[in-house]
Amino acid sequence: MMGHTAKTVLRNSRQQVRSPRKVCPFCFEADHIGGRNHIPTVTVDVCQLHHALLTEQRLAAGAEMQKQRHSITSVEMAIRSLAVTVHAIARAMHKLFEALEFCAELLKRARR
């Protein structure tokens with residue numbers, strides 16, 4: 001079985017060969033944000049591109065997606081996975097906030 005580093009290298013090389021994927025309104029799929037083997041019922045719909053990116057980030061954060069022998073380890077992996085998801089949501093919210101500030105500044109200038 002390949003290790004995480006080897007899988008990441010393989011994924012990166014495939015991404016360099018392929019053209020960048022565009023986000024499509026029809027390519028949404030269920031993302032098990034806590035890991036399918038850890039919290040199978042909790043999912044969110046994301047596009048395939050972001051699903052792949054989040055999976056990479058989860059693996060980089062040490063979240064094992066395989067079924068764990070001990071429930072404590074399973075909870076740890078779920079928390080690691082959820083932390084990556086929450087961080088991604090926070091980044092997205094920050095971008096929205098910056099866009100809102102930009103729009104508010106434009107409106108202020110237009111009123112002067």
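Values quoted throughout were computed directly from the atomic coordinates according to the rules given, and no laboratory measurement underlies them. Because the structure is predicted, anything quoted here is derived from the model rather than measured. Cβ atoms come from the backbone with ideal geometry, glycine included; neighbour counts cover every protein chain shown.
With every atom except the alpha carbons ignored, what do you get for Rg and Dmax of region 43-85, in angstroms?
In Å, with Rg to one decimal and Dmax whole: 10.8, 32.
Quick one: if the Förster radius is 35 Å, what FRET efficiency do Ala92 and Lys67 give, using the C-beta to C-beta distance and rounding to 0.05?
On the way: r = 30 Å, r/R0 = 0.86.
So, using R0 = 35 Å, E works out to roughly 0.70.
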